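S.K.: One structure coming up, written as structure tokens, with questions to follow.
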């Protein structure tokens, strides 16, 4: 085997509760995370020497500045192999959108490189490497539905939720996660039990959606609130910003309702993605052990 192609999915945060700031500068969080069927395509191939990373999207960087470079470099170091790696990324997930696209790409590279280089690392070991690359990386090695705690690296895999549909609406610009956390007023956060939300029905989850980061991004970019209002007006059971934004998702019980809402909002100029949730992780199938 000389090449592996991995589907790298996006995620949404059905619940994101910020519990406080840690001495190391990070924040303690509790998140209910769900993979959705909007996927990049990551191809990792053995090469004679060196490391190359190419991405077909101008919004995402190629070379050393792409997050997957760190993942590949670490696996090459651990393996001690004299061969190199060539990585090609076909982007479908918006960049800096609150959907975890880059973290998913890094997880895909860890899984694929682990097999190609015969490194023999298990899921837990790869997740530990992932924590030093990005806090969402371990989730993408787990999923498709997980409770994340600590900085986001302490994961509890949950039973997959019944399939439902989400309409992702991206206004066409990115946000900085670091900037959002820096501007978060912890006195205004609302402590929510994300684990309790995970045990609800889809309709009840839709009404219990929560994201402490939303007030920061929405204040800077009022279009976030405009999109939420529009999704609810199209019959979404609930609508919320994902992660640090600015992408907003609306929950629909059926594909037909989700696609109809997408069609009705197409004139707004937003990037719209009607997709189903995933009940299995497309990255997990490439893990060994």
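The values are calculated or read from the model by the stated rules, or taken from the named source; none is laboratory data. All values reported here derive from a predicted model rather than from experimental measurement. When we count neighbours, we look across all protein chains shown, and the Cβ atoms used for this are built from the backbone with ideal geometry, even at glycine.
S.K.: Please give the number of the condition residue 255 fails out of (1) over 16 Å from the mean Cα position of the chain (by Cα); (2) crowded, with 22+ Cβ neighbours inside 10 Å.
M.R.: Residue 255 satisfies all of (1) over 16 Å from the mean Cα position of the chain (by Cα); (2) crowded, with 22+ Cβ neighbours inside 10 Å except (2).
S.K.: Here's a follow-up. Would you confirm whether or not segment 221-233 contains a residue that is free of Cβ contacts under 8 Å to residues at least 12 places away in the same chain, surrounded by fewer than 24 Cβ atoms within 10 Å (Cβ to Cβ) and either assigned by TED's automatic domain parsing to the domain that holds residue 125 or not in a helix (DSSP H, G or I) (or both)?
M.R.: Yes: one or more hits.
S.K.: In addition: Only one residue in 247, 217, 277 is touching a residue at least 12 places away in the same chain (Cβ under 8 Å), touching a helix residue (DSSP H, G or I) at 6+ places or on another chain (Cβ under 7 Å) and either in the same structural domain as residue 27 (by TED's automatic domain parsing) or buried (at least 16 other Cβ atoms within 10 Å of the Cβ) (or both). Which one?
M.R.: On inspection, the qualifying residue turns out to be 217.
S.K.: Okay, next question. I need a count of the residues in segment 99-119 that are within 9 Å of the chain's Cα centre (by Cα) and in a helix (DSSP H, G or I).
M.R.: Qualifying residue count for the region: 4.
S.K.: Please find, within segment 258-274, the residue that is surrounded by the fewest Cβ atoms within 10 Å (Cβ to Cβ) out of those that are farther than 20 Å from residue 39 by Cα and in contact with a helix residue (DSSP H, G or I) (Cβ under 8 Å, 6 or more places away or on another chain).
M.R.: The extreme case among them is 268.
S.K.: Does residue 29 meet the test of being under 15 Å from the mean Cα position of the chain (by Cα), under 30 Å from residue 186 (Cβ atoms) and touching a residue at least 24 places away in the same chain (Cβ under 8 Å)?
M.R.: Considered against the rule, which asks whether it is under 15 Å from the mean Cα position of the chain (by Cα), under 30 Å from residue 186 (Cβ atoms) and touching a residue at least 24 places away in the same chain (Cβ under 8 Å), residue 29 comes out as no.
S.K.: Just checking, how many residues over segment 153-212 are part of a strand (DSSP E or B) and surrounded by fewer than 18 Cβ atoms within 10 Å (Cβ to Cβ)?
M.R.: Adding up the residues that qualify gives 3.
S.K.: Using the structure shown, decide if residue 83 is modelled with pLDDT under 95 and either in contact with a strand residue (DSSP E or B) (Cβ under 8 Å, 6 or more places away or on another chain) or at negative phi (or both).
M.R.: yes
S.K.: Let me ask something else. What is the residue count in segment 47-70 for residues that are touching a strand residue (DSSP E or B) at 6+ places or on another chain (Cβ under 9 Å) and touching a residue at least 24 places away in the same chain (Cβ under 8 Å)?
M.R.: Result for segment 47-70: 14.
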